[in-house]
1. Would you mind estimating how fast segment 1-94 diffuses translationally, via Stokes-Einstein at 25 °C and 0.890 mPa s with the Kirkwood radius over Cα pairs, in µm²/s?
2. In segment 1-54, if every C-alpha pair distance is counted and binned at 5 Å from zero, what percent goes to each bin?
3. Based on the Cβ-Cβ distance from residue 131 to residue 110, what FRET efficiency comes out when R0 is 41 Å, to the nearest 0.05?
4. Binning every alpha carbon pair distance of the chain at 10 Å from zero, what are the percents per bin?
5. Once both labels are modelled 7 Å past Cα along the beta-carbon direction, what's the residue 162-residue 58 spacing in nm?
6. Quick one: accessible area per residue over segment 63-176, 1.4 Å probe, rounded to a whole number of Å²?
7. In whole percent, and with a 1.4 Å probe on the protein chains, what portion of the accessible area of the chain is carbon and sulfur?
8. Output the direction-averaged projected area (hull surface divided by four) of the convex hull of the alpha-carbon atoms of segment 29-70, in nm².
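The values are calculated or read from the model by the stated rules, or taken from the named source; none is laboratory data. These numbers were taken from a predicted model, which means no experiment stands behind them. Ideal geometry is used to build each Cβ from the backbone, glycine not excepted, and the neighbour counts take in all protein chains shown. In case anyone asks, the SASA skips ligands and DNA or RNA and just uses the protein heavy atoms, side chains included. Shrake-Rupley method; radii C 1.70, N 1.55, O 1.52, S 1.80 Å.
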Amino acid sequence: RDAAYGLLTESDCKVGHQLAAAFLEGADPQVPSSVLAYHYRQAGMHEAALQHYLQAGDRSSRQSLDAEARRHYAAAAETLALLPDTPARRRLLIDVLLKRVQSGMTSLPVESQLSLLEQARALLETLAASQPAEPDDRLRLARIDFYYARVFGYAGQPGRAMPYFQRVLPVARELGDQELLTLSSIVIGMVELAHGQIAKARATWMPLLAVDEHDRLQLHPLVAAFA
């Protein structure tokens with residue numbers, strides 16, 4: 001097989017991979033997205049490859065297969081580099097970088113995580129310098145700050161984490177991002193409670209206490225106790 005493959009021209013290889021991807025996608029709905037991504041990338045169909053790498057990464061992430069997710073997201077970032085440099089491509093690359101940070105939160109060195117976040121922040125700054133900001137860019141910046149906070153938190157550096165959580169909270173409230181609001185509020189409130197600032201912690205948690213009874217059960221026990 002390898003010998004026969006080596007005899008093919010580059011054009012033949014691309015056509016073969018394109019046909020293989022089309023056949024597999026149509027014949028087997030269970031074929032792994034990473035396999036389709038490989039064939040589409042070899043075929044030079046980078047947009048299709050990118051979508052399948054992202055699907056593979058998201059699926060692995062949902063299954064807590066973090067190392068596998070990181071490989072797929074890294075492949076997605078490499079594929080993005082093959083596409084024309086547009087604002088949309090930069091925004092998607094920021095999102096992919098954050099996915100890589102999330103999947104490596106408990107296993108990668110702090111320096112590696114911070115490097116990815118610095119790349120994401122630098123990309124966002126180039127967007128801000130070259131065109132009007134989109135509303136989602138504020139949310140991207142808040143997510144970058146949120147992951148800075150989490151990286152420092154996991155590294156046992158709460159003093160460096162707290163300013164980032166505090167920076168995220170008002171943006172999450174304004175833009176209505178429930179995930180950022182909930183996680184940042186819980187951490188900030190717990191720190192305030194640990195310092196004996198009970199009224200302040202309750203004020204921080206108040207937006208979380210307004211949810212219905214079913215959702216309250218999903219809150220941290222300390223927060224739910226205030227409900």
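1. It comes out at roughly 175 µm²/s.
2. Bin by bin from 0 Å, the calculated values are 4, 23, 27, 23, 14, 8, 1.
3. After rounding, the FRET efficiency stands at 0.80.
4. 7, 25, 29, 21, 11, 5, 2, 0
5. Those two pseudo-labels are separated by 3.7 nm.
6. On a per-residue basis, segment 63-176 sits at 50 Å².
7. Within the chain, the accessible surface is 56 percent carbon and sulfur.
8. Mean projected area of the Cα convex hull: 2.9 nm².
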